[in-house]
1. Here is the link list: Lys96/Lys126; Lys96/Lys128; Lys56/Lys122; Lys9/Lys56; Lys2/Lys34; Lys28/Lys96. Which ones come out longer than 18 Å on Cα distance?
2. Skipping prolines and chain starts, which residues have an amide H placed within reach, meaning under 5 Å, of the one on Ile101, given they are 5 or more residues away or on another chain?
3. Please work out the C-alpha center-to-center distance from region 86-114 to region 5-36 and express it in whole Å.
4. Identify the chymotrypsin sites (Phe, Trp or Tyr not before Pro) of region 1-45 meeting these criteria: DSSP loop state and at most 11 other C-beta atoms within 10 Å of the C-beta.
5. Out of every Cα-Cα pair in region 45-110, what percent are more than 13 Å apart?
6. What is the percent carbon and sulfur in the accessible area of region 1-65, measuring with a 1.4 Å probe over the protein chains and ignoring ligands?
7. For region 53-61, just list the computed ³J(HN,Hα) in residue order, Karplus coefficients 6.51, -1.76 and 1.60, θ = phi - 60°, integers in Hz, with x standing in for Gly and Pro.
8. Tell me, what ³J(HN,Hα) does each residue in region 108-113 have, in order and in whole Hz, if you take phi through Karplus 6.51 cos²θ - 1.76 cosθ + 1.60 with θ = phi - 60° and put x for Gly and Pro?
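The values are calculated or read from the model by the stated rules, or taken from the named source; none is laboratory data. All figures in this text were calculated on a predicted structure; none of them were measured in a lab. Positions of Cβ are backbone-derived with ideal geometry, glycine not excepted, and every protein chain shown enters the neighbour counts. Side chains included, ligands, DNA and RNA excluded: accessible areas come from the protein's heavy atoms. Shrake-Rupley method; radii C 1.70, N 1.55, O 1.52, S 1.80 Å.
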Amino acid sequence: MKKEMPYVKEIFIQDDTLPAERANELSKALIDNKIRITWSCYSRANLDHETLKNMKKSGCRGLHVGYESSDPKILKLMNKGVAVEEMERFTESAYKLGFIIHADFIIGLPGETIDTIKATIKWAKKLKVHSYQFVTPKAYKNTPLHS
């Protein structure tokens, strides 16, 4: 890309679940091949500190993170696979490393109440992030949310 499109100054990796393994592999490839480009990506809220350090070193500057909710029951119902405490550790680590963090939340998931929505908003305001996005879920046909 650097050869074919030298005018591109930044890229965004649009992988909804960029796991640590792929993030590390990408970071290592950029570093080893001395490819200097600024990049950002979607991120899970459970990447470890070492992975985040590698990403930062390779040129990553922004993380678009799906937190979804602060309610453990809702996170479990949606099979998020990440606990609130993990998300807090991730956010603190990413913030300290200097990432720009955009936080995504879903309001109106099954099991959601006014109280859980208020709790998620209160929790979101405590996170060291740079911007927020609150959306309602879209129930696509033949998905668990649709049934």
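1. On the way: Lys96/Lys126 15 Å; Lys96/Lys128 9 Å; Lys56/Lys122 29 Å; Lys9/Lys56 16 Å; Lys2/Lys34 11 Å; Lys28/Lys96 21 Å.
From the list (Lys96/Lys126; Lys96/Lys128; Lys56/Lys122; Lys9/Lys56; Lys2/Lys34; Lys28/Lys96), the Cα-Cα distance tops 18 Å for Lys56/Lys122; Lys28/Lys96.
2. It is Leu63, His130, Ser131, by chain and number.
3. After rounding, the separation between the Cα centres reads 22 Å.
4. Numbers: sites: Tyr7, Phe12, Trp39, Tyr42; in loops: Tyr7.
Hits after loop and neighbour filter: Tyr7.
5. On the way: 1330 of 2145 pairs.
Roughly 62 percent, rounded to a whole number.
6. On the way: 2140 of 4130 Å².
Of the solvent-accessible surface of region 1-65, carbon and sulfur hold 52 percent.
7. 4, 4, 4, 4, 4, 7, x, 5, 10
8. x, 6, x, x, 6, 10
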